[in-house]
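Take a look at the structure below.
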Amino acid sequence: HLPLKTHVLCRGSMLPHQRGREKLLGVAAFATAISLALGLYALWAWPAFVMGIPFLLAPFTFAHFHFERNYGGRSFITVANTAAGLGFTLAEGIFLLGSRFNEFGVYLIVIFFYHWGEFALTAWFNTDTAGVDAFVVNHSQAWAVAQFVCVLEYWVEKLFLFPEVKGHPLLFGLGLAGVIFGEFWRKGGMWTAAHNFTHLISYKKKERHQLVTWGLYRFVRHPGYFGWFYWVIFCQVLLGNPVSAVAFAYVAWKFFVDRIPDEEEMLCRFFPGEYEQYRSRTPTLIPFVP
């Protein structure tokens with residue numbers, strides 16, 4: 001513990017990791033705000049520009065890999081580039097609200113808050129390891145393919161097959177409620193675990209690593225996984241995508257069937273006896289995952 005005098009001095013100024021946290025979040029927020037403003041202005045001035053934003057995001061994708069390769073995933077320029085891309089996504093989502101593509105606009109806004117929230121909580125609690133990967137926009141090729149497929153399904157069905165299903169009040173309401181429910185558990189789990197939460201499985205116990213059994217973890221063994229499982233399914237319900245809803249449900253379930261046992265094997269090593277007791281009394285609430 002810090003001596004009282006030192007503790008008082010620290011309250012008036014930020015510690016080194018706090019300064020890094022504020023700067024990292026500030027850079028990301030500034031880049032998002034600028035791209036959001038530019039995107040909204042462009043869409044307001046040239047409504048047809050809405051079709052061009054996906055193509056505009058392509059240079060951001062190219063720049064992302066260029067900056068990550070040359071400057072590293074934790075550089076401010078890489079973080080700013082990714083945040084700017086999300087800002088344009090939010091701009092398009094806001095622009096589509098109230099249009100015949102309202103549900104797609106809401107989906108884009110949901111996507112923005114999901115990825116920005118992942119980054120913000122990681123930067124807040126784990127500043128030393130936070131970088132562009134904390135946005136989880138590029139965590140796997142499978143995720144990129146899944147996003148492409150669900151967007152393709154939406155537009156094909158909206159324009160050519162059964163447009164009346166898209167935006168149906170029942171599906172839209174159920175999907176939005178499910179998305180909020182899933183995000184509550186996902187971000188609530190991250191907040192409760194604080195510095196103990198990581199996007200990747202930890203194979204080495206850190207000095208400050210704790211077994212979290214309070215808050216949301218009292219009710220669900222992996223609230224972040226539980227929330228993401230239902231979030232990803234209800235995103236497809238929100239869009240009215242029947243094929244993607246089933247596909248996402250299976251893929252997400254298969255992912256956790258494989259991942260949770262691996263992670264819990266490490267947790268049993270980190271907290272012998274203690275984790276087994278916690279696991280025996282706390283469910284996952286993911287179907288067929290004990």
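Tabulated values for the structure
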read-out	value
Chain lengthening between L159 and Y250 when straightened (0.36 nm per residue, less Cα-Cα)	30.1 nm
The range 187-290 - Rg over Rh from alpha carbon coordinates, Kirkwood radius	1.00
Sequence-separation-based contact order of the range 127-276, relative, with Cα cut under 8 Å and 6+ spacing, percent	29 percent
Label zone at V243, where the point sits 7 Å out along the Cα-to-Cβ direction: the range 148-166 residues whose backbone N lies under 16 Å	148-163, 165-166
Label point at V136 placed 7 Å out along Cα→Cβ; residues across the range 184-206 whose backbone nitrogen lies under 20 Å	184-204
Other-chain or far-sequence residues with amide H under 5 Å of G167's (modelled H)	none
Mean accessible surface per residue for the range 82-187, computed with a 1.4 Å probe while every protein chain stays in place, in Å²	44 Å²
Residue-count net charge about H115 - beta-carbon cut-off 15 Å; Lys, Arg +1, Asp, Glu -1	-2
Calculated from backbone phi, Karplus (6.51, -1.76, 1.60) coupling profile of the range 279-290 in Hz, x at Gly/Pro	5, 5, 10, 10, x, 8, 6, 9, x, 6, 10, x
Förster-model FRET efficiency, 30 Å R0, N102 and V257, C-beta, rounded to 0.05	0.25
Karplus (6.51, -1.76, 1.60) ³J(HN,Hα), θ = phi - 60°, over the range 196-211, in Hz, Gly and Pro reported as x	7, 8, 9, 6, 10, 5, 8, 9, 9, 6, 7, 4, 9, 5, 10, 8
Nitroxide proxy distance, nm - points 7 Å out along Cα→Cβ at M266 and R281	2.6 nm
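The values are calculated or read from the model by the stated rules, or taken from the named source; none is laboratory data. Owing to the predicted nature of the structure, the values given are computational and were not obtained by experimental measurement. Note: ideal-geometry Cβ built from the backbone for every residue, glycine included; neighbour counts use all protein chains shown. Ligands, DNA and RNA are excluded from the accessible area calculation, which covers all protein heavy atoms including side chains. Shrake-Rupley method; radii C 1.70, N 1.55, O 1.52, S 1.80 Å.
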